[in-house]
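Some notes on the structure that comes next.
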Amino acid sequence: MTPSPPSSPASSPVPPRGRPRPVLALVAANLRRLSRDRVGLFFMVIMPFVSIVFIGMALGGGTSGSSRLPLGVVAAGTDPVSAAVVDELERRPDLTVTRMGGEAELRSGVREGSLAAGVVVTPGSSRVRLIMTQMNGSGMAARSAVDAAVNRVAAVLEATRAATAAGASPTRAAELVRRAQAESGRVAVTATTAATGDPRGFAYTAPANLLLFTFINSMAVASALVESRRIGILQRALTAPVRRRSVLLGEVLTRFLVAAAQAALIIVISAVAFGVTWGDPAAVAAVVAAFSLVATGAAVLVGALLRSPDQAPAIGPPIGVVLGMLGGCLWPRESSGAIINAAGHLFPHAWGMDALLALERPGAGVAAVLPQLAVLTGMAVLVLGGALVVFGRTTRAAS
Amino acid sequence: MSAATHAPEATGTRTDAETAGAVPALACAGLSKRYGDVVAVDDVGFSVAPGQAYGLLGPNGAGKTTTISMLVGLVRPDTGTVRVGGTDLAADPITAKARIGYVPQEIALYPELTGRENLRFFGRLYGLPRRELTGRIAEVLGLVGLADRADAKLGTYSGGMKRRINIGAALLHRPEVLILDEPTVGVDPHSRKAILDGVERLVADGMALLYTSHYMEEIERVCDRAAIIDHGRIIADGTHQELISLVGAADTVELVLDGEVDAAFARLRAVEGVIEAVRTGPSSVRLIAEGGRYLLPALITAVEGGATVTATQVVEPDLEATFLHLTGSSLRD
């Protein structure tokens, strides 16, 4: 220690004391520590988007409406039915129709993946042949679009036949059907978007990866909490003029902010870069907050139970990945069995997926996800409450 | 720096406090703590006046750290009271703890943060007013001599530099009592000197100090009074002279032996006039003996046959001798 500066006799013997700010002190210090953790930041900032992009593309890229599925069409004839089918397909907002020279070319396009599916319209036949590879998300999506288009043509044919049978002249019948078509066109929007089943592409992988990475990274970067315990800084903090609960709150709030920031980052980037529509902001915020609290509980539990900081990044991902698998965060739940999906609902991820996917549907608000929100909140209370008990005990025991 | 808080007029107050037995900076009485069947601390009590440096000496496991943990509010005593500047720690922990600057034995600092950032953390924790914080951190950095390395990460510091920040973190809030638990473990001689100089200056400026160390010479240099603690109890307490006089006329005799050291050690213990004997190395022995210098011929004769004495040294009574005499063990074993 170097010579101390000359003392000023004018200063008061009792120094002015401010209010201890333990929560601010702990949160600020912990966030600054995280900002120096390059590996942790890589997994928080880069990895989720790598995963969203790759899995999203594998599941048939793009959100519904924002990008179109390539569909090849072979239609040799020029008869009204063929023309009507091709016309309907071209009018679909989710398809890009490419005319192909022949069926062989169409098949190779589908096989190579440059086409999501192919359609062969045979003149004079009432059948349309669909060509697609099996087990392919974009093929399935194209199929439902083709089904819808063909059904519309079929409906027109059926209506025309009915009008003619009722005594109308062919011209009069066509006129009636055109008018009816215009009417139904207006309601068609709601009719087609009310599709059941989970969305595809980024609309599925964005919420899936939000849940997956929020949970995994919360646990992984909780290594900092293990380190704080190990080096005795929490013990030392308790010798300051602060209450034990303030120190616990400072650590818990840090973990919650980390989880919430991870979720917010994924929401914003996926909305801006991939056009994901998350739905009602308040409802999404409520679901994400409840899930982040569960992740916070898991992180505090990791911080309280592990002995070495290196264990956290080793334990977090395996647990997070298994829960993510069960909850449908790694692949579409449609491809998992009923048993796996039921087991998944023992853990927060499946409930989070239910809620976030429900909110993506137009018009869905908090009311649509109240059950999921209640379950997630209950899980948060249990996990975080238990974690706090364990954490409080371990910081005391080390003293 | 703490001179700013304990200004010249405080010097008068201190003298009054000492002479009149007024409010001690730190006082404990009847402190006991047991863990299951193990009694860690048994009826420990002492008091430290403002501007006084008090040493706590004891071998490992003697109960020093448990005692300190009770003084700083980390461990609740089974019985006994702790008063800091007259405030009961159990009744009003927030006020009492605000007066203490505690430096734990381990480096309890964030390795990923810089020295300055670590001090900022503790400044906020102790509630330094926002406006003062930056200036006060710079002041403490100057005091511990690390102003030029303040913005490097703590992980890049030497052991001595970490120790100095560790101490600085406890000084930010201008405590009335500084509690140092083994502050010089694992530091280079330069840092050790800097730490001791700094601590002496703080005491001279009016701060009360409780100091534990394995290094007897540090206690002798820094502290006016000391307590020797063993098996959870204070077995002696007083000024240096009072403690040393407990040994009476006994001297310390250091012997280096060659040959069958074990057998020789047993024979040395039995020599009349030898009060205590302890092995200090594979071939070295330390004895406390009445009139040690006159006993040398008898000692040399005692080991003959199995071993030979290759070097001898007789040391006048000191605190280390007292410690050895009272506890029967060496401090640094």
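The values are calculated or read from the model by the stated rules, or taken from the named source; none is laboratory data. Source: prediction; values computed, not measured. Glycine also receives a Cβ, built like all others from the backbone with ideal geometry; neighbour counts cover every protein chain displayed. Quick note on the areas: whole protein, heavy atoms, side chains included, nothing else; ligands and nucleic acids left out. Shrake-Rupley method; radii C 1.70, N 1.55, O 1.52, S 1.80 Å.
Couple of notes before you dig in:
- Choice from B:115, B:198, B:63 with maximal GNM fluctuation in chain B (Cα, 10 Å cutoff): B:198
- Rounded to 0.05, the FRET efficiency of the residue B:308 and residue B:79 pair, given R0 = 41 Å and the Cβ-Cβ distance, is 0.15.
- Taking the C-alpha atoms of chain B, convex hull volume expressed per residue in Å³: 154 Å³
- Fraction of the pair-distance distribution of the protein assembly as shown above 44 Å, Cα-Cα pairs, percent: 49 percent
- Note that the range B:137-288, at 4 °C in a medium of 1.567 mPa s, gets a Stokes-Einstein diffusion coefficient of 70 µm²/s from its Kirkwood radius over C-alpha pairs.
- Chain A gives an Rg/Rh value of 1.18, both radii derived from C-alpha positions and Rh following Kirkwood.
- Peptides B:263-271, A:205-213, ordered by how many other C-beta atoms sit within 10 Å of their residues on average, highest first, read A:205-213, B:263-271.
- Net charge, residue B:261 excluded, C-beta distance under 12 Å - Lys, Arg +1, Asp, Glu -1: -1
- Of the residues B:294, A:204, ranked by 1.4 Å probe accessible area with the largest first, the sequence reads B:294, A:204.
- The mean of 1/r over all pairs of different alpha-carbon atoms in the range B:249-316, once inverted, gives a Kirkwood hydrodynamic radius of 11.4 Å.
- Residue of B:204, B:152, B:227 that the Gaussian network model of chain B assigns the largest fluctuation, springs spanning Cα pairs under 10 Å: B:152
- In this structure residue A:90 has an accessible area near 100 Å², from a 1.4 Å probe over the protein heavy atoms.
- Here residue B:97 is the anchor, and the lysines within straight C-alpha reach of less than 22 Å, apart from those fewer than 8 places off in the same chain, are B:33, B:64.
- Shielding of B:84-96 by partner chains, average beta-carbon count, 10 Å: 1
- Within a Gaussian network of chain A (alpha carbon springs, distance under 10 Å), most fluctuating of A:220, A:174, A:116: A:174
- Per-residue 3J(HN,Hα) values for the range B:271-287, derived from phi via the Karplus relation 6.51 cos²θ - 1.76 cosθ + 1.60 with θ = phi - 60°, read 5, 5, x, 7, 8, 9, 9, 9, 7, 10, x, x, 10, 10, 9, 10, 10 Hz in sequence order (x marks Gly and Pro).
- Within the straight-line cut-off of under 23 Å between alpha carbons, the lysines reachable from residue B:153 are B:162, sequence neighbours fewer than 8 places apart in one chain being disregarded.
- Average partner coverage of B:107-120, which counts Cβ from other chains inside 10 Å: 4
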